[in-house]
Structure formats: C-alpha cells, structure tokens
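For reference, the structure is listed below as structure tokens.
Since every read-out is calculated from the coordinates, none of them should be taken as a lab result. Computed from a predicted model, the values in this text were never measured in an experiment. Because the Cβ atoms are built from the backbone with ideal geometry, glycine has one as well, and the counts that use them run over all protein chains shown.
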Amino acid sequence: MNQVIETILNHRSIRKFEDRALSEEQIEMIVQCAQAASTSSFIQAYSIIGIKSPDKKKRLAEIAGNQAYVESNGHLFIFCADLHRHEVIAEMEDQDLTTSLQSTEKFMVGLIDATLAAQNAVLAAESMGLGACYIGGIRNDLEAVCDLLHIPKRVIPLFAVVVGYPEQQPDKKPRLPLHHVYHEDAYQQNSETYKSQLQAYDKTISAYYEERTNGKRNDTWSAQMANMLKSPKRMYMKEFVEKKGFGLE
C-alpha cells in the first residue's frame, strides 16, 4: 500500500479545526491540485471561490444550517459549476453557443468537473496533514449565496469544502460492503441478497453509532436514509437551475 492509497483510505470528515488560517502557499497548492483533475473534453466547467471574510463565512454558516465549522476553519472553498466563461468565449469567437450552454449534458459536465476538482483538492489537503469536510448545506438557499458572492448567470454554487488543521480525529464511518456497490459486467441485483447485505451493514452501522456515542445512539443506516428521504428537501432546485441558464434542453 502506497502513501496515496493510505491517505485516501484514512479519510474522515473533520468538523472542528484549530484557529489557524491556511497559508497562501497551501491555498494555491490545493487549487492547483484541483485543477489537475480530469475535465470532460477539456471544458474546465467549474470555478472555486475562496472565502476569507469572517462576515461572509458567518453568513454562509447561517445558510448552511448554523454549522459552526463553516465559520471556523482554516479556509473555506466554494465549488461551482461554471459555464459563464464559455458564454464570454461565445462573444469572443462570435458564435451562438446557447443551445449547448443550456443543455442538460453541459449541466452534468459542470457538476462532474467541479466534483472531480473538489475531490482532488480534498485529497491534496489531507496529504498535507489538513482535514476537510464537504458542506452541501449552502444549497439551502442558493439565491442568498449567489447574492453574497456576486455569482453571475451560468454559474451554480454546488457545495463548500472547509479545510483546516484538525482539532479532532473521529472514527471512520464504515462504508457499504464492496460487493454491494461493485458489479461486474452488469448490474447484479438479487433482491434477497441485496436486502441481506443491507441488513448486515445496518448491524455494522448500529454498532458504530453505539460505540461512538456510548450507547446514546444505535440507529441503522437504512432507517437513517428512510427518515431523511421521506421529507423532500430543496425542492426549489429545478427552478433555480433553469433560472441560472442550465439544463433547459
């Protein structure tokens, strides 16, 4: 096992950081590593907004559900799907690119490119001895995020990543069994096998929570997912995406 694999397998979300800002060199290296990620057809359909302003961090923390670590960290990165620069290219090259830019396909390219870049950034940060956590909570109110960060049309903030010097070392959450997520040659699903694997995983997760909380919590993964998904969230998203000029065709 090499160092890269050890770093990947040692991942855990960090939600408490030392009161210590990242250096400019660290920030630039993390962004450079993000840029080294694969990008569909070299489109590079993403942007990263770094947040240093304490006031903006505080506001973003409020939007994200009052998560303290969105305000208190070494640096806050906002990853965006971005086709705005390609709209600028359309003007430069005197081409009408509207149909492509508002297509669902290019919307997916922006999502994928930004996510690949973010995972590279997190891996780079963790290899530097830093901790990180993805923050989907900024999608609670993307209009407010766009207003706060002056985000133009054809740019969508997807998620934040908080990075900093860890002040905690939580246990790793057990993932689903490999053979539950990895299929060969075709999607393999025997219903009874599938349920059996989920039930076994539920026992693992229940034991994990019980040990981590000294018996205060022992819920299963299946129950957790069912309870979360029975209440739809952020149902404004389709309208917002269309308003931003994505996913219309």
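Karplus-derived 3J(HN,Hα) values for segment 96-102, using 6.51 cos²θ - 1.76 cosθ + 1.60 with θ = phi - 60°, are 8, 9, 4, 4, 5, 5, 9 Hz; glycine and proline are entered as x. Sequence neighbours fewer than 8 away in the same chain don't count; with that in mind, list the lysines whose C-alpha is under 17 Å from LYS58. Once the sequence-local lysines are set aside, what remains near LYS58 is LYS16. Based on alpha-carbon centroids, what's the gap between segment 122-146 and segment 155-202 in Å, whole number please? With segment 122-146 and segment 155-202 each reduced to a Cα centre, they are spaced 18 Å.
Using a cutoff of 8 angstrom between alpha carbon atoms and counting only pairs six or more residues apart, the relative contact order for the chain works out to 26 percent.
Note on segment 100-249: Kirkwood radius taken over Cα pairs, Stokes-Einstein applied at 37 °C and 0.692 mPa s, translational D equal to 173 µm² s⁻¹.
Cross-link partners of LYS238 among lysines, defined as those whose alpha carbon lies under 16 angstrom from its own and excluding same-chain residues fewer than eight positions apart: LYS106, LYS153.
Treating each Cα of segment 16-86 as an identical point scatterer and summing with the Debye formula, the log10 of I(q)/I(0) at q = 0.17 Å⁻¹ comes to -0.74. Taking only the Cα atoms of segment 178-218, the ratio Rg/Rh comes out at 1.18, with Rh defined as the Kirkwood radius.
Gyration tensor analysis over the Cα atoms of segment 1-157 returns equivalent ellipsoid semi-axes of 28, 20, 13 Å (largest first, whole Å). Applying a DSSP loop filter and a limit of 16 other Cβ atoms within 10 Å to the trypsin sites (Lys or Arg not before Pro) in segment 73-174 leaves LYS153, LYS172. The Cα center of segment 93-121 and the Cα center of segment 2-23 differ in position by 29 Å.
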